[in-house]
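Remarks on the structure that follows.
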There are 2 protein chains.
Amino acid sequence: MITEYKHTYCLTAAQCNAQREVAPATLIQQIIDVATEHADTINIGFQRMGKNSALWVLSRVAYEIKRYPGILEEYTITTWIEGYNKLFSDRDFAISDASGEVIGYARTVWMAIDKDTRRPTDLTHVADPEVVRTDLVCDMERPGKIRFPKEHNEASGYRFGASDIDFNRHVTSRRYVELIIDQLPLEVYDQCLMTRFEIAYSHESLCGECVKVMSGCDPSTDALISTIESTDETQKCITRAWFVKREDGSSVPAAKLLEY
Amino acid sequence: MITEYKHTYCLTAAQCNAQREVAPATLIQQIIDVATEHADTINIGFQRMGKNSALWVLSRVAYEIKRYPGILEEYTITTWIEGYNKLFSDRDFAISDASGEVIGYARTVWMAIDKDTRRPTDLTHVADPEVVRTDLVCDMERPGKIRFPKEHNEASGYRFGASDIDFNRHVTSRRYVELIIDQLPLEVYDQCLMTRFEIAYSHESLCGECVKVMSGCDPSTDALISTIESTDETQKCITRAWFVKREDGSSVPAAKLLEY
């Protein structure tokens, strides 16, 4: 059984963001893709889960990166299962460049829900202790609890359209991340590198739903906190991000980012 | 020299749209990616053009499809250069399923612009007659001139954010297509198949720009015409699409689509 699964990507020109690097939303999409491919390979994927009327849903993603792969660069995402319990499965990732040097890590937390009731289902019947790799190291802190600060910027609005919807009929993770990224102007990304990003998903969103997006800073950690909420203030997701100056690697507090 | 270039894709669960098929924006992105890969392979790509301070820009895309590849399905996009003149290069595509059956075709028109002046540059120095394949058949009509009808729906607004910007610092083709797709509700795509889609790009868009998106119908062709315009009414792109009912393949006039 393949317990350590690898996928090598080459970042095409069309896939690059304005900084000619892999965009955070693309990186997270690839992390999800690699997880899905590995799950399919070891027969705990979409098709197997479907037989039990269950769906994998992503609860949290966090990544830490030294640098983002650039245009036409080859990089490899390696994934393995760190562990699981009745409700959650922890899946880790290492991102390495063509020379094999690790340039980043990611951690994800997955759960399975029943297609019809949308309630969590027991993972023990799909989780095989043999797939767990406790010997592999994911050298980054676990994602933590994120609270939205009282002080924040003015909310911007968005209405989810057909192109934002995935095969489970809810809004894609990609779109959530893009709406959060769009909270800051392009100049921030030109001048600063987002070195750590965490997202926790709380509620699914449907096509046609209107949401508001807003950001604030957590003075105790210097992190930028952003959230997407429905108009009735149900939290869809919440994120936390840290930035450094591209020039000298010094940290940039969220308060400064919001002044751009 | 490789004059007929192929790339095989497998549509992962995370890449599917709500109909569990490849989304039009993803298909167009893949068409652009395959074109870019082929251009790189025959040394008329990003890096070579950059040496002459030039960039490839896409002027038109049109595709016709019998069915869209579905979840976990393998499909191959084949591309070749049909011809070129001083200003334009015509590149064609065939989309085939795992059995080799062609399920769709695409046509694209490319030009090169100078990075600084944004004016078209002469293509004759990169276009080699040996790469042209006049023996391969792209069995679909060429894209035509599209005019926006006087009668149309109310415009919806959008402001381009950092995540909408590509490595050339302008808005991605993907985002244009998604904004157009989002003009119709999800139910249309559940019940109808978009069998032909054409897009003509007129002006680049920048980060922070506000645009309006609107659709109308062309009664003479039953096509749905959509456009993205800046607030000063500069046309960014215009598209034309034809739909059939999924149930029986009968054509659905644009007027009916707009009533959903």
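Rule-based calculations on the coordinates, nothing more; no lab input. All values derive from a computational prediction rather than experimental measurement. Note: ideal-geometry Cβ built from the backbone for every residue, glycine included; neighbour counts use all protein chains shown.
For B:PRO120, place a label point 7 Å out from Cα along the Cα→Cβ vector, do the same in each other copy, and report the separations in nm, one decimal, smallest first.
Distances between equivalent label points, in nm: 6.0.
With each pseudo-label sitting 7 Å past Cα toward Cβ, what's the B:LYS150-B:ARG169 distance in nm, one decimal?
For the pair B:LYS150/B:ARG169, the computed spacing is 4.1 nm.
Run through every distinct alpha carbon pair of the protein assembly as shown and return the Kirkwood hydrodynamic radius in angstroms, one decimal place.
Taking every pair of different Cα atoms in the protein assembly as shown, averaging 1/r and inverting gives 24.1 Å.
Would you tell me which residue of chain B has the beta carbon closest to the rotation axis bringing chain B onto chain A, and how many whole Å away it is?
B:TYR158, 4
Charges on Cβ only, +1 for Lys and Arg, -1 for Asp and Glu, centred on the Cα centroid of the stretch A:144-260; of A:VAL252, A:HIS152, A:SER173, which one is farthest towards the dipole's positive end?
Toward the positive end, the furthest listed residue is A:SER173.
Under the convention of a label 7 Å out along Cα→Cβ, give the distances in nm from A:ALA155 to the same position in every other copy, shortest first.
The answer, with the shortest distance listed first, is 2.6 nm.
Please work out, to two decimal places, the log10 of the ratio I(q)/I(0) at q = 0.08 Å⁻¹ from a Debye calculation in which every Cα of chain B carries one identical scatterer.
Reported log10 I(q)/I(0), two decimals: -0.32.
What are the distances, in nm and sorted shortest first, from the label point of A:SER202 to the label points of the same position in each other copy, with each label point placed 7 Å from Cα along the Cα-to-Cβ direction?
4.2
Note down the relative contact order for the stretch B:144-235 as a percent, whole number, built from C-alpha pairs under 8 angstrom at least six residues apart.
That works out to 41 percent.
Okay, helix-only estimate at 222 nm for chain A: each DSSP H run of n ≥ 4 adds -39500 (n - 2.57), divide by all residues, round to 500 deg cm²/dmol; what do you get? Walk me through the numbers before you get to the answer.
Details: 5 runs with 43 residues, N = 260.
The per-residue figure over chain A is -4500 deg cm²/dmol.
Sort A:127-135, A:223-231 by the packing proxy (mean of other Cβ within 10 Å over each peptide's residues), most packed first.
Answer by packing, highest mean first, reads A:223-231, A:127-135.
Please compute the Cα-Cα pair-distance distribution of the stretch B:1-143 with 5 Å bins starting at 0, giving whole percents from short to long.
2, 10, 19, 22, 18, 13, 9, 5, 1, 0
Counting alpha carbon pairs within less than 8 Å and at least 6 residues apart, what relative contact order, in whole percent, applies to chain B?
Normalised by residue count, the contact order of chain B is 18 percent.
What are the ³J(HN,Hα) values, in whole Hz, obtained from phi via the Karplus relation 6.51 cos²θ - 1.76 cosθ + 1.60 with θ = phi - 60°, for each residue of the stretch A:107-118 in sequence order, with x given for Gly and Pro?
In residue order, the calculated couplings are 10, 10, 10, 10, 9, 10, 10, 6, 3, 8, 7, 6 Hz.
Please report, in debye to the nearest 20, how large the charge dipole of the protein assembly as shown is about its Cα centre when each Lys and Arg carries +1 at its beta carbon and each Asp and Glu carries -1 there.
It comes to approximately 480 debye.
I'd like the projected area of the stretch A:195-259, averaged over all directions, using the convex hull of its alpha carbons. Report it in nm² with one decimal.
Projected area, direction-averaged: 5.3 nm².
With only Lys, Arg, Asp and Glu charged, each at its Cβ (+1 for the first two, -1 for the last two), find how big the charge dipole of chain B is about the Cα centre; round to the nearest 20 debye.
Approximately 540 debye in magnitude.
Near the amide H of A:LEU136, under 5 Å away, which other amide H atoms are found, from residues 5 or more places off or on another chain, if H is placed in the peptide plane?
The answer is none.
Please compute the volume of the convex hull spanned by the alpha-carbon atoms of the stretch B:123-255 and report it per residue in Å³. Write down the numbers at each step before the final one.
Details: hull volume 21.1 nm³, N = 133.
Convex hull of Cα atoms, per residue: 159 Å³.
Per residue of the stretch A:220-232, what does 6.51 cos²θ - 1.76 cosθ + 1.60 with θ = phi - 60° give for ³J(HN,Hα)? Whole Hz please, x for Gly and Pro, Karplus curve as stated.
Once θ is set to phi - 60°, the couplings for the stretch A:220-232 become 6, 10, 6, 8, 8, 10, 10, 9, 10, 10, 6, 5, 8 Hz.
Ignore the peptide's own chain and count Cβ atoms of other chains within 10 Å of each Cβ in B:174-183; give me the average, rounded.
3
Determine ³J(HN,Hα), in whole Hz, for all residues of the stretch A:146-153 in sequence, where each value follows from phi through the Karplus function 6.51 cos²θ - 1.76 cosθ + 1.60 and θ = phi - 60°; x replaces Gly and Pro.
10, 10, 7, x, 5, 8, 7, 6
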